[in-house]
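What follows is one structure encoded as structure tokens, with my remarks underneath.
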Amino acid sequence: MQVRSKVQYGHISDLAVGLEEQESSCKNLNVQLCGPFRVLLIEQKSRKKQKDKTEEDSDKNDVPIEESDKDAPIKESENDSGHKEAVNTENDHKESQHHSLKDTNEAESADIDCDDMLSLHMLDREWQCPPEMQPCFTSQTHVYGLWRDDPSDSPCFVVSKPKDSGVITPLATDLLNLIRVLAKNQKVKLPEDLLTLIDTHSTSESLEQVEAKRRKKVVAKTFNKIGIVVPVNKNDVGYRPLSVSYAELDSMLTQSCVETDEAEKDKILAPFDECVNYIQFANDESDYGMGFEFGMCLFSHSTSKSFTGTISRLLPLAYDLLKRPLFSRIMKRMCEALN
């Protein structure tokens with residue numbers, strides 16, 4: 001299908017600097033562009049082809065007019081109704097460009113569904129990749145993406161996540177610096193023009209400075225280690241801690257998945273059910289962070305696929321209560337896809 005050039009990417013389009021240079025470097029770093037950036041790259045290439053074709057056609061049509069042809073009458077042709085009309089070569093040229101771009105897009109992006117914003121955010125997204133993380137690069141073992149705690153925020157940094165784990169780690173301040181970090185870790189020398197691009201467009205703040213700013217807003221770490229950000233007012237309304245410790249929750253989830261006796265499993269999960277009940281009271285009293293924390297702990301735990309029912313009830317609701325509707329829709333779609 002055709003990729004729409006006017007699809008809204010949020011903050012993504014503002015960060016798509018040097019995509020072709022990034023793609024070239026990715027080949028040497030054993031990673032590839034994914035998610036919205038894969039779509040943007042296709043669009044950039046399509047627009048470039050369109051521009052090149054326009055210039056080529058313009059050169060072909062830029063032929064000097066002979067003196068004898070200056071006063072020549074406009075060529076006319078008959079349409080199907082027998083009426084004469086001027087041949088509109090300009091419209092024909094534009095129509096040709098339109099079909100050329102459409103054909104290019106359809107050929108290069110037949111596997112991409114970008115009918116709406118949600119489809120774009122779901123592109124190349126794997127389980128345990130939370131809505132806050134927008135996948136941008138992928139390798140055989142890791143996913144790299146922009147992180148933002150609220151859909152209306154600009155991304156604060158780039159994170160990495162192993163494909164077989166829910167643990168998320170800040171890795172770079174922006175995507176261009178991510179290229180630099182990956183190159184350094186793999187001992188790959190980057191071309192000078194790309195280094196200049198990175199120095200020109202990347203943020204001046206260090207990763208440590210950005211992390212320190214965000215750390216002040218984090219109310220709980222969860223099992224993904226990067227934590228959650230929830231607004232808490234001066235009366236401490238917005239978050240309350242879980243009724244179980246992380247160690248207890250980890251043990252509870254792990255044991256329940258290996259226990260075969262249903263009675264014993266119910267006994268193991270008794271504190272789990274109690275915590276879910278407490279979350280309902282917390283939501284009634286505007287402490288939305290409790291359900292968010294518990295849901296994210298389940299989502300990022302190694303046993304997460306055994307608790308998709310609870311995750312699908314807790315996390316979309318938490319995002320809605322926190323006024324993060326896009327994240328809610330992403331989480332709902334992820335749970336639906338898994339089930």
Legend entry - Calculated on alpha-carbon atoms, Rg and Dmax of segment 213-339 in Å: 14.5, 47
Legend entry - Y239 long-range amide H proximity, modeled H, under 5 Å: G289
Legend entry - Solvent-accessible area per residue, Å², over segment 128-205 with all protein chains present [probe radius 1.4 Å]: 43
Legend entry - segment 229-339 - percent relative contact order, Cα under 8 Å, separation 6 or more: 24
Legend entry - Residue-count net charge about T222 - beta-carbon cut-off 12 Å; Lys, Arg +1, Asp, Glu -1: -1
Legend entry - Cβ-defined net charge surrounding S302, 12 Å radius [Lys, Arg +1; Asp, Glu -1]: -1
Inset, instruction - Give the long-range amide H neighbours of A172: residues separated by 5 or more places, or on another chain, with amide H under 5 Å away, using H modelled in the peptide plane at 1.01 Å from N. - result: V158
Inset, instruction - Under 12 Å from the Cβ of S165, count the other residues' Cβ atoms, weight Lys and Arg +1, Asp and Glu -1, and hand me the total. - result: +1
Inset, instruction - Note down, for segment 181-256, the three equivalent ellipsoid semi-axes (square root of 5 times each alpha carbon gyration tensor eigenvalue), biggest first, whole angstrom. - result: 38, 21, 7
Inset, instruction - Give the Rg/Rh ratio for segment 140-213, taking Rg as the radius of gyration of the Cα atoms and Rh as the Kirkwood radius, to two decimals. - result: 0.98
Inset, instruction - Go through segment 273-289 residue by residue and turn each phi into a ³J(HN,Hα) via Karplus (6.51, -1.76, 1.60, θ = phi - 60°); whole Hz please, and just put x for glycine and proline. - result: 5, 5, 5, 4, 5, 4, 5, 4, 5, 4, 5, 4, 9, 6, 8, 5, x
Legend entry - Debye equation applied to the C-alpha atoms of segment 279-326, log10 I(q)/I(0) at 0.20 Å⁻¹: -0.60
Inset, instruction - Pull up all non-local amide H partners of V143: gap of 5 or more, or a different chain, and H-to-H distance under 5 Å with H placed in the peptide plane. - result: K161, K163
Inset, instruction - May I ask you to list the GluC sites (Glu not before Pro) in segment 184-214 that are in a DSSP loop and have at most 15 other Cβ atoms within 10 Å of their Cβ? - result: E205
Legend entry - Heavy-atom accessible surface of segment 205-339: percent carbon and sulfur, 1.4 Å: 50
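The values are calculated or read from the model by the stated rules, or taken from the named source; none is laboratory data. Predicted model only: the values in this text are computed from it and were never measured. Positions of Cβ are backbone-derived with ideal geometry, glycine not excepted, and every protein chain shown enters the neighbour counts. Keep in mind that these areas ignore ligands, DNA and RNA; they rest on the heavy atoms of the full protein, side chains included. Shrake-Rupley method; radii C 1.70, N 1.55, O 1.52, S 1.80 Å.
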